[in-house]
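Just so you know, all these numbers are worked out from the coordinates, no wet-lab data involved. In this text the structure is predicted, and so the values were computed from the model without any measurement. Neighbour counts are summed over all protein chains in view; Cβ atoms, including those assigned to glycine, are modelled from backbone coordinates with ideal geometry.
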Amino acid sequence: MPEILLHLLAATLYAGLAAQFWRTRWRGAMLAQPLAGLQAWERALLLAALALHGVTLVQEIFTAGAMRFGFSLALSLILWLAIMLYWIESFYARMEGLQMLGLPLASVGVLLPALFPGQHVLINADSMAFRAHFTMAMLAYSLFTLAAMHALLMAVAEKHLHKGRLSPLLAGLPPLLTMETLLFRLIHIAFLLLSLTLLSGIFFSETLFGKVLSFNHKTIFAILSWLIFAALLTGRHLRGWRGRQALRWTLAGFAALMLTYVGYRFVLEVILGRLA
């Protein structure tokens with residue numbers, strides 16, 4: 001099957017499931033009862049979309065014996081991992097609202113590598129140290145992406161709760177305190193992975209990237225995002241930060257993290273037209 005058809009099929013499945021969740025979970029009156037979690041056929045279709053998406057990523061990243069990884073592939077992989085983590089977590093916790101945020105984004109994300117086929121080649125991609133660094137970075141990015149979507153869902157739920165207007169989906173969500181606990185669980189794990197990613201980048205830069213660590217804007221935004229999440233977790237443990245304050249810090253840290261690599265490669269590849 002041609003690669004573009006795989007992209008389109010995966011995007012269609014994501015979009016179709018998003019439409020299904022909108023029709024059955026989001027719309028309607030407060031007293032309408034939402035479905036109890038993912039239905040078996042919905043879970044199977046989502047897994048099929050993830051499988052197709054994963055195949056396109058492998059085909060795009062590993063080509064001609066090299067490893068390509070531009071902004072479009074980075075964003076597509078981050079969204080794929082986030083939706084995969086959601087699919088796994090949905091067995092254990094109610095995270096229904098993330099469908100309406102994550103699936104439309106994944107539908108666009110799976111098409112990005114076909115629309116913006118960047119040719120940036122990663123050096124030292126065969127190194128085990130680099131692969132460990134790369135894996136930790138992508139897992140951290142995807143967990144923070146999931147946390148950001150979770151924070152947005154909490155903000156929407158809190159706003160509608162104050163207005164007394166809840167859709168079936170929002171009415172069926174866990175209490176805000178439970179959602180907040182899940183949010184910080186995601187952030188704790190992601191922060192640990194981000195810390196390991198930064199440490200490996202700082203101490204093994206020459207081994208990983210073939211050059212001594214340079215203090216550029218990528219490094220600045222990476223450190224800035226780490227400091228924001230460190231401040232958030234410190235405020236949480238020492239001062240009990242929660243609610244809107246915690247959500248604002250979460251989204252600020254996520255924005256800084258996106259500028260570390262994805263934003264940087266977007267400017268280079270799309271705005272400036274450079275591949276190096």
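Counting other C-beta atoms within 10 Å, and keeping those with at most 12, which DSSP coil chymotrypsin sites (Phe, Trp or Tyr not before Pro) do you find in the range 35-84? Don't jump to the answer; show the numbers that get you there.
Details: sites: Trp41, Phe62, Phe69, Phe71, Trp80; in loops: Phe69.
Listed in order of number, the matching sites amount to none.
What net charge is computed for the residues neighbouring Ala246, neighbours being all others with C-beta under 11 Å from the C-beta of Ala246, Lys and Arg scored +1, Asp and Glu -1?
+4
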task = Note down the nm distance, to one decimal, between modelled labels 7 Å out along Cα→Cβ at Asp126 and at Ile223.
result = 3.4
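Place the peptides 141-147, 243-249 in order of packing, highest mean first, counting for every residue the other Cβ atoms within 10 Å and averaging per peptide. Before the final figure, lay out the partial values.
Working: 141-147: 25.6, 243-249: 16.6.
In descending order of packing, they fall as 141-147, 243-249.
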request  = Could I have the simple spin-label model distance between Val267 and Val55, label points 7 Å from Cα toward Cβ, reported in nm to one decimal?
outcome  = 3.8
